[in-house]
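The values are calculated or read from the model by the stated rules, or taken from the named source; none is laboratory data. On a predicted model such as this, the values are computed, not experimentally measured, just so you know. Reconstructed Cβ throughout: ideal geometry from the backbone, glycine too, with neighbour counts over all protein chains shown. Note: areas computed on protein heavy atoms with side chains; ligands, DNA, RNA excluded. Shrake-Rupley method; radii C 1.70, N 1.55, O 1.52, S 1.80 Å.
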Amino acid sequence: MDTFSAAVMLFLIMDPLGNLPIFASILRHIEPKKRRRVLIRELLFALGIMLLFLFAGEAILNFLNLKSESVSIAGGIILFLIAIRMIFPQPGGVVGLAAGEEPFIVPMAIPLMAGPSVLAALILLAHTDSSRMMDWTVALLAAWGASAVILMFYKVFTKALGEKGLTAVERLMGMVLVMISVQMFLDGIASYMAHLGQAAQ
């Protein structure tokens, strides 16, 4: 996977357009003067957590003695399930906070921005090729930056796209993520079969 593909994958998993209504609902109950400061703080918290998992991911997998094939297959399955939920959203309300209460890390940084799926994808990238950590860092910063811009201007995007537009874009992202997840799954299977063939020889 090249840097651009990794950035697109991470951006799709972060799903900033899908998070727009939730972020807007949370920020609505905060004083207007504090909204931008709170949003920037939570985005920076999310970035720090994601960088931590990116650089500690290889050590975690080595400790658990996991092979790259199993991580790729598992990652593909997880991404596929996430994509299905994006295409066919499940009923459920947004994460509630008391009126005027400022979010702190939860729920905006975790799990909305740096959710389990993003953290798992970062561990997968680190394990796939640990010699390309700079590429993965650039991909993460690009995906985070694009997501941050969308979320910082959540009012503009919400008005421009409307509720139906946001739903349509999110489902389109889900379709792209389905294809990425299937490719990850097939790559893992192909690598596993190749290793079996080499072992048999």
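Within the set of pairs 6 or more residues apart or between chains, which connect a residue that is hydroxyl-bearing (S, T, Y) inside region 114-126 to a residue that is open to solvent by 20 Å² or more (accessible area, probe 1.4 Å) with Cβ atoms less than 8 Å apart?
Within 8 Å, the pairs are S117/I78; S117/I82.
Residue-wise test of (1) of a type outside the set (F, W, Y); (2) part of a helix (DSSP H, G or I); (3) surrounded by 17 or more Cβ atoms within 10 Å (Cβ to Cβ); (4) under 13 Å from the mean Cα position of the chain (by Cα).
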position: F4; (1), (2), (3), (4): no, yes, no, no
position: I40; (1), (2), (3), (4): yes, yes, no, no
position: L44; (1), (2), (3), (4): yes, yes, no, no
position: L47; (1), (2), (3), (4): yes, yes, yes, yes
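Here is a yes/no grid of residues against (1) loosely packed, with under 15 Cβ neighbours inside 10 Å; (2) farther than 17 Å from V71 by Cα; (3) at pLDDT below 85:
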| position | (1), (2), (3) |
| --- | --- |
| H127 | no, no, yes |
| A142 | no, yes, no |
| G145 | yes, yes, no |
| Y154 | no, yes, yes |
| E170 | no, yes, yes |
| M175 | yes, yes, no |
| I180 | no, no, yes |
| I189 | yes, no, no |
| A199 | yes, yes, yes |
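Taking L66 as the residue in question, decide whether it is crowded, with 16+ Cβ neighbours inside 10 Å, out of contact with any strand residue (DSSP E or B) (no Cβ under 7 Å at 6 or more places or on another chain), touching a residue at least 24 places away in the same chain (Cβ under 8 Å) and hydrophobic (A, V, I, L, M, F, W, C). Reasoning before the result, please.
Details: crowded, with 16+ Cβ neighbours inside 10 Å: no; out of contact with any strand residue (DSSP E or B) (no Cβ under 7 Å at 6 or more places or on another chain): yes; touching a residue at least 24 places away in the same chain (Cβ under 8 Å): yes; hydrophobic (A, V, I, L, M, F, W, C): yes.
Against the criterion (crowded, with 16+ Cβ neighbours inside 10 Å, out of contact with any strand residue (DSSP E or B) (no Cβ under 7 Å at 6 or more places or on another chain), touching a residue at least 24 places away in the same chain (Cβ under 8 Å) and hydrophobic (A, V, I, L, M, F, W, C)), L66 does not qualify.
I'm checking my understanding of the structure. Among residues of region 52-86 that are within 27 Å of S25 (Cα to Cα) and under 14 Å from the mean Cα position of the chain (by Cα), which one is modelled with the highest pLDDT?
Initially, region 52-86 is screened for residues within 27 Å of S25 (Cα to Cα), giving 79, 81-86.
Still in the list and also under 14 Å from the mean Cα position of the chain (by Cα): 79, 81-83, 85-86.
Working: L79: 75, L81: 81, I82: 73, A83: 78, R85: 76, M86: 72.
Once the filter is applied, the top-ranked residue is L81.
Return the residue satisfying two criteria in turn: it lies in region 87-105 and is under 17 Å from the mean Cα position of the chain (by Cα) and modelled with pLDDT of 75 or more, and of such residues it is least open to solvent (accessible area, probe 1.4 Å). Reasoning before the result, please.
Restricting attention to region 87-105, the residues satisfying the condition of being under 17 Å from the mean Cα position of the chain (by Cα) are 87, 89, 105.
Those still in the list that are modelled with pLDDT of 75 or more too: 87, 105.
Values: I87: 25, I105: 49 Å².
Top of the filtered list is I87.
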